[in-house]
Amino acid sequence: MDITSIKELAKRMRLLSLTMAYKAGKNGAHLGGGLSLIEIMAVLYGGVLNINPETPINPERDIVLMGKGHGVLAYYTALYEAGFISKEDIDSFEKEGSLFIGHPVKDISKGIEYSSGSLGMALSVGVGMAISAKNRKSHRKIYVIMGDGECQEGSSWEACFLAAKYQLDNLVIFVDNNRIQSDGFSKDICGYDNLEEKFAAFGCEVKSINGHSVEALLNALEYHNYNKPNVIIANTIKGKGVSFMENNYKWHHSVLNKSQYETALAEVRSTYAGG
Amino acid sequence: MQEVNKRNIRTWSMLGQRGTICGVALPEIMADNSRCYVLTADLGHTSGLDRVIEQYPNRFINVGIAEQSLIGTAAGIAFDDNVAVVTTFATFLTMRCFEQIRHNLGYQRANVKLLGAMSGFSIGMFGNTHYAYEDIALMRVIPNMIVISPADATEAYKAIYAAIEFDGPVYIRLSDGVNSQMVYESDYEFKIGKSVYLLRGNNATIIACGGMVAECIKSAQILEEKGIHISVINMHSIKPLDEEILKSISDEEIIFTVEEHSIIGGLGSAVAEYYSSFEHSPRHIRIGVYDKFVAPGEQQYIKKVNRLDSVGIAERVFEVVSGDR
């Protein structure tokens, strides 16, 4: 795996995300949670996943389920870079009649395995897919991308019970742990800051890493425990790469004006190289 | 699929809808279809799934008391080119995880079949927490969902085979217990969306579903003695509704819909919605649960108290047809 090329990929995705958000105009976009997710998606789509846009329905392909459906900026840009979606698709972002709206709509030919947007839905679906994959002796892996705020949905923990019971080592749960949700800091809203302990208590294998470090993400994916679902708590920064967005809950979903857009682009181009 | 003969019909009637589907049909279906899974939320034995549990341990999944996980897991299994059959009490199945059903089965058409066990008042002394008289309304409103309420155990047997044959989400409402009432005594054609005329009379038509069909046949016998001749239609599919048969009776004077369900959102509502655009349509009396939580008791007691037994239905039909109200 070429670490430098993944970092460059992440930078392109971040720049394209800003352009998509800017072009969305008054519709705005989920910038904060999109930018925090960039390196996770760059690592997956930059080489980890066994996928091919030429054979999108291959039953052995790896599966990505977007639990945090609002992370579309990172998702669509990754799918674009991986050759699943076109520039026209990207340009249609948040346009009326487009498939590429603010939350993903299932279209396997475009690499979108699952419609999402309602938080707490994807993990149990991933558990079902992982059970079925094991039963049919498939070597595919199921990656579920969750937000830390999403973990407040009780359905997440129902799914964890089952994932541990079935020893789903073919299931990888990424938590984009940017610690901020729509109304502010998660610890202020829900009173926790220890997702590692919670997932471990439910019987998962847990790693906690820097979610913007390509090296750390690749290392976390390399080690595999063979009788537990794998949870990677990717500690990230909401709005990563743009100073006025970083750790600011007001950029969970917001409109990017021209001067902000230009400032953001300049910051990412000049100062942020990933890792 | 077994032959529908008198011996099987008697056996299935003794087992009831739940026992027939879970204990007889599903083991047969799983034997024929290696991609059929069955899931439950801690109701495997209660549902009569013992044969499934014993014979197909890899394709039987008990998620524990976790209905959101139940639906999500079933959808994930279905998305991997399988068919998933899910069962738990109808009240929990349709309400606790409503959004999971809407999102995975409705919106994304996961090939999942839902068996709403112990629907209506069939769970008796468990009380209102366990009754389901809103389930048809809830399932019917979801796009892409098929909703079936079989009249008896034989129809339940046919319904699960039809549901498996259909590629998409189906809700089958099971609302009887063991030693249940028989409607069918011989084989007949069951087709999703196609209702069945059971009796023909010229004074009024009753359209019923589920366990109410058997009650309505008895009501018709009571009414016969009073010189009133009624038709009884078994509208086993609430969605899609058999619009053809409704159109064919649109010039009748009075129709009744009878269901072990709220009068809001169920069969009666579906029929009323169909006729709402007609310039002339029959006077329509909806018989069901009148927007309240019922006083608990055994199923037959609740039916009687709420005038949903054969006598109560016959009285109501008589009142209307004879012009009392």
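The values are calculated or read from the model by the stated rules, or taken from the named source; none is laboratory data. The structure displayed is predicted, hence computed values, not measured ones. Every residue, glycine as well, gets a Cβ built from its backbone with ideal geometry; the counts of neighbours run over all protein chains shown.
The table below gives the values:
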item	result
Filter result (acidic (Asp, Glu), within 14 Å of chain B (Cβ to nearest Cβ) and under 18 Å from the mean Cα position of the chain (by Cα)) within region A:148-182	A:Glu150, A:Glu153
Residue within region A:45-55 that is modelled with pLDDT of 95 or more, under 17 Å from A:Ile108 (Cβ atoms) and in contact with a helix residue (DSSP H, G or I) (Cβ under 7 Å, 6 or more places away or on another chain) present	yes
Residue within region A:126-145 that is within 12 Å of the chain's Cα centre (by Cα), under 24 Å from A:Leu9 (Cβ atoms) and not aliphatic (A, V, I, L, M) present	yes
Residues of region A:68-85 that turn out to be closer than 20 Å to A:His30 by Cα and among the small types (Gly, Ala, Ser), as a count	4
Considering residues of region A:93-117 that are of a type in the set (S, T, N, Q) and in a loop (DSSP other than H, G, I, E, B) only, the residue farthest from A:Cys151 (Cα to Cα)	A:Ser98
Scan of region A:154-195 for residues that are among the aliphatic types (A, V, I, L, M) and touching a helix residue (DSSP H, G or I) at 6+ places or on another chain (Cβ under 9 Å), ordered by number	A:Ala159, A:Leu162, A:Ala163, A:Leu168, A:Leu171, A:Val172, A:Ile173, A:Val175, A:Ile180, A:Ile189, A:Leu195
Residue tally, condition β-branched (Val, Ile, Thr) and either touching a Cys at 6+ places or on another chain (Cβ under 9 Å) or at the interface with chain B (Cβ under 7 Å from one of its Cβ atoms) (or both), over region A:114-147	3
B:Arg96 being within 14 Å of chain A (Cβ to nearest Cβ), surrounded by fewer than 24 Cβ atoms within 10 Å (Cβ to Cβ) and touching a helix residue (DSSP H, G or I) at 6+ places or on another chain (Cβ under 8 Å)	yes
Check on A:Phe185, more than 14 Å from every other protein chain (Cβ to nearest Cβ) and surrounded by fewer than 24 Cβ atoms within 10 Å (Cβ to Cβ)	yes
Every residue from region B:102-120 that is within 14 Å of chain A (Cβ to nearest Cβ) and touching a helix residue (DSSP H, G or I) at 6+ places or on another chain (Cβ under 6 Å)	B:Asn104, B:Ala110, B:Asn111, B:Val112
Matching residues, region B:65-93, being more than 7 Å from chain A (Cβ to nearest Cβ) and hydrophobic (A, V, I, L, M, F, W, C)	B:Ile65, B:Leu70, B:Ile71, B:Ala78, B:Val83, B:Ala84, B:Val85, B:Val86, B:Phe89, B:Ala90, B:Phe92, B:Leu93
Pair list, Cβ < 6 Å and 6+ apart or interchain, from region B:3-27 residues that are among the polar types (S, T, N, Q) to residues that are assigned to a helix (DSSP H, G or I)	B:Ser13/B:Ala153; B:Gln17/B:Ala153; B:Gln17/B:Ala156; B:Thr20/B:Trp12; B:Thr20/B:Ala153; B:Thr20/B:Ala156; B:Thr20/B:Tyr157
